[in-house]
1. If I go through segment 75-106 residue by residue, how many of them are at pLDDT below 70 and either polar (S, T, N, Q) or loosely packed, with under 10 Cβ neighbours inside 10 Å (or both)?
2. Show the residue pairs that are 6+ apart or on different chains and have beta-carbon atoms under 6 Å apart, the first residue being within segment 36-54 and closer than 17 Å to Tyr22 by Cα, the second being of a type in the set (A, V, I, L, M).
Amino acid sequence: MSPKSNVEKRVKDIRRNTRKKYSAEEKIRIILEALRGEETIASICRKESIAQDLYYKWSKDFLEAGKKRLSGDIVREANSTEVDQLRNEKIRNISASTSGNMFTIG
């Protein structure tokens, strides 16, 4: 391996290791900011230090996932916390609707 290719490999490794990793929340924030249309996509990409190609990939993935979710292609199971919250909400709704209808027979 020549010294130049060794250096190039080292530089690539450093870039790969120092590349910013965006969370799903950050990607969604950036996509929604662009969808608002207050700024150009180019200016948002410059501000966030991302390539426009990367933004368009995220945007496409985001819209495709939403499309699949809305069409019911994705099965999502509720976790126990969500089930408990829905159960408690239903109980509150039932008790609120029946508490005003209490009457005595006499």
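1. Selection size over segment 75-106: 11.
2. Ile44/Ala34; Glu48/Ile30
The values are calculated or read from the model by the stated rules, or taken from the named source; none is laboratory data. Model, not experiment: these values are computed from the prediction. Note: ideal-geometry Cβ built from the backbone for every residue, glycine included; neighbour counts use all protein chains shown.
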